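Reading through the structure tokens given below for one structure.
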Amino acid sequence: ECRQERHRPQIHFSVPSNWLNDPNGMVYYDGEYHLHYQYHPYSTQWGPMHWGHAVSTDLVTWTDLPISLYPDELGMIFSGSAVVDLDNSTGLQKDSVQPIVAIFTHANAGPQQQSIAYSLNKARDFVKYENNPVVPNPGVGDFRDPKVIRYNDKWVMVLAVGNKVDFFGSSDLKTWEFLSDFGIDPSQGSHAGVWECPDLVRIQHNGFYHWVLLVSINPGGPNGGSVTQYFIGSFDGKEFHSNQMDALWMDWGEDNYAAVSFSNEPKGRTLVMGWMNNWAYANELPTRSEGFNGQMTLPRELNLATVDGALRLISSLPEEFGKLRDPSQVFQLPLLKEIPPNGFYNVSEEIGFKSGLVEVDLAFNMVGIEGTSSIAICFVNRQRQEVCTGYDHERPVDKELFMNRELSGDLRAIGGLRRATAGRVKKDNIITFKIVMDLSAAEVFIDNGLTVFTALFFPDEPLDTLEIRHHAGSAESRVTLINGSVQGLRSMYN
Ligand code: FRU
């Protein structure tokens, strides 16, 4: 099936029509990755929430399925997670069919509370549990977005509660007891907005396991609006302790929110997807006139790296992404190509290839980058609309990396959130960029995923021409492309 709206993402999952926000109930079961999502089936703006549903066998192409959960007398169906009950802890297993259990927030004008539903037919139909809610509201306003994980022989729920998270424990998913909370200390991480959609993931690094708490926050993002922060620390089944006080950001772009992981991932990877949007403008995206409003980031693998003795999250594309690479559209760029000072290198002209659907890998050696020197990697169309990412030495050290969509076309929705910046974590001469371009979004992974920018944009036609600009702020400024490739991508609808 071909989807041809002008800004319809071709390599990202997007809602067939109407409105989508957070990814929900992501779980692997019997050969399929399930993606549920906050869905308003009657409008391109947020409204009474349902759980929409799609599945994928390869994390690249998605099949849309009917709505999984409808609002009911307890309220709308807000965000939540899903698990496979491998040990029949719920007693819901039938013969050899292990249940998928969805854990979600029931929300209405009154209190928010946590409920469950289960499926015995691969998430095609869910039955709501008869004794919902399973976690009633203790008398607080924001009490939502349960993410459930397995810890030894117990279930642990992490829940967003105002400006912190609460942990609950259960042996059967039906009765829960409060374990602990995290985030009371206002100087730990960012508390500039309400905490939402938490996740607790375990990641191995150099032979040790670390626990990473993901917490989305709205507003309060370093570049405006809603964004996902993370804490690296330890978890003993009851309490989480963070190693750090400062806020760290999973993505510095404006368009990655509510990212959480797939449960039961068969290879043990931490695979996340986020809502590629921002509450600051989500309800007004120009794609509304094309009948849809909402898309997800690519699935990303999260790992840890040590930089200057400190642990950091790094994001990368899972190997499955390779299926989108078109083997007839692979272009290696000349090695040791010098980008002319105060000039530019027209890569598309050099390789004789233009496309708005590409994966670009670039490694630069930067020497004598002083004063106002900068490198900009720009995707441009015939109308000179453009999106650029790069390194700008003129900026303060916490703002050298940038993702700029100031000239990207329709800016009405985006408003003032036009340029995202981040400090560079790694400080050596070699800087790498992986950029994945879709028709209306880019994902940029700098220094092997230490810094990520995800951004939406709405040009009048695809940004199909790649050029690399070098502004020389000093006579010594030299930028050499030491490795580079352009890989054409295929649409997931082909
Ligand atoms: C996050 C969020 C969640 C809530 C859902 C409602 O984007 O606000 O906290 O469950 O969206 O759609």
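The values are calculated or read from the model by the stated rules, or taken from the named source; none is laboratory data. Just so we're clear, the structure is a prediction, and the values are computed from it rather than from any experiment. Because the Cβ atoms are built from the backbone with ideal geometry, glycine has one as well, and the counts that use them run over all protein chains shown.
Enumerate the pairs (first residue in the stretch 12-39 and closer than 15 Å to residue 256 by Cα; second residue anywhere and more than 16 Å from the ligand (Cβ to nearest atom)) with beta-carbon separation below 7 Å, excluding pairs fewer than 6 apart on the same chain, so at least 6 apart or on different chains. The qualifying pairs are 12/298; 12/438; 12/441; 13/54; 13/62; 14/8; 14/292. Looking at 58, 64, 95, just one residue is acidic (Asp, Glu), more than 18 Å from residue 33 (Cβ to Cβ) and more than 16 Å from the ligand (Cβ to nearest atom), and that residue is 95. Evaluating residue 141 against the criteria (1) out of contact with any Cys (no Cβ under 6 Å at 6 or more places or on another chain); (2) part of a strand (DSSP E or B) leaves one unmet condition, (2). As an exercise: evaluate residue 201 against (1) within 13 Å of the ligand (Cβ to nearest atom); (2) crowded, with 19+ Cβ neighbours inside 10 Å; (3) of a type outside the set (Phe, Trp, Tyr) and give the number of the one condition it does not meet. Of everything listed in (1) within 13 Å of the ligand (Cβ to nearest atom); (2) crowded, with 19+ Cβ neighbours inside 10 Å; (3) of a type outside the set (Phe, Trp, Tyr), residue 201 misses just condition (1).
Examine the stretch 41-61 for a residue that is touching a Lys or Arg at 6+ places or on another chain (Cβ under 6 Å) and more than 21 Å from residue 318 (Cα to Cα), and state whether such a residue exists. Within the stretch 41-61 (the criterion being touching a Lys or Arg at 6+ places or on another chain (Cβ under 6 Å) and more than 21 Å from residue 318 (Cα to Cα)), the answer is yes, since at least one residue qualifies.
Within the stretch 79-92, the set of residues being within 15 Å of the ligand (Cβ to nearest atom) and out of contact with any Pro (no Cβ under 7 Å at 6 or more places or on another chain) comprises 79, 82. Considered as a group, the residues in the stretch 253-270 that are of a type in the set (A, V, I, L, M) and out of contact with any Lys or Arg (no Cβ under 7 Å at 6 or more places or on another chain) include one that is surrounded by the most Cβ atoms within 10 Å (Cβ to Cβ), and that residue is 258. For the stretch 217-240, the set of residues classified as hydrophobic (A, V, I, L, M, F, W, C) and either away from the ligand (no atom under 16 Å from the Cβ) or in a loop (DSSP other than H, G, I, E, B) (or both) consists of 231, 232, 235, 240, listed by residue number. Of the residues making up the stretch 90-127, just one is at pLDDT below 95 and touching a strand residue (DSSP E or B) at 6+ places or on another chain (Cβ under 6 Å), namely 108.
Of the candidates 303, 293, the single residue that is in contact with a helix residue (DSSP H, G or I) (Cβ under 6 Å, 6 or more places away or on another chain) and outside the structural domain of residue 403 (by TED's automatic domain parsing) is 293.
Does residue 45 count as at pLDDT 95 or above, within 12 Å of the ligand (Cβ to nearest atom) and not in a strand (DSSP E or B)? Yes: the conditions hold for residue 45. Filtering the stretch 286-299 to residues that are touching a residue at least 60 places away in the same chain (Cβ under 8 Å) and out of contact with any Gly (no Cβ under 8 Å at 6 or more places or on another chain) leaves 286, 287, 288, 290, 291, 292, 293, 294, 295, 298, 299.
Within the stretch 1-42, the only residue that satisfies the criterion of being among the aromatic types (Phe, Trp, Tyr), assigned to a loop (DSSP other than H, G, I, E, B) and within 15 Å of the ligand (Cβ to nearest atom) is 42. Taking the stretch 168-198 as the range and being surrounded by fewer than 17 Cβ atoms within 10 Å (Cβ to Cβ) and either among the polar types (S, T, N, Q) or within 16 Å of the ligand (Cβ to nearest atom) (or both) as the test, the residues that pass are 171, 175, 180, 187, 188, 192. In the stretch 108-126, the condition of being outside any strand (DSSP E or B), away from the ligand (no atom under 14 Å from the Cβ) and basic (Lys, Arg) is met by at least one residue. For residue 150, the conditions (1) in a strand (DSSP E or B); (2) under 22 Å from residue 256 (Cα atoms) all hold with the exception of (2).
Of the set (1) free of Cβ contacts under 8 Å to residues at least 40 places away in the same chain; (2) crowded, with 19+ Cβ neighbours inside 10 Å; (3) of a type in the set (Ser, Thr, Tyr), all apply to residue 234 but (2).
Being among the polar types (S, T, N, Q) and over 27 Å from the mean Cα position of the chain (by Cα) is a condition met by no residue of the stretch 184-197.
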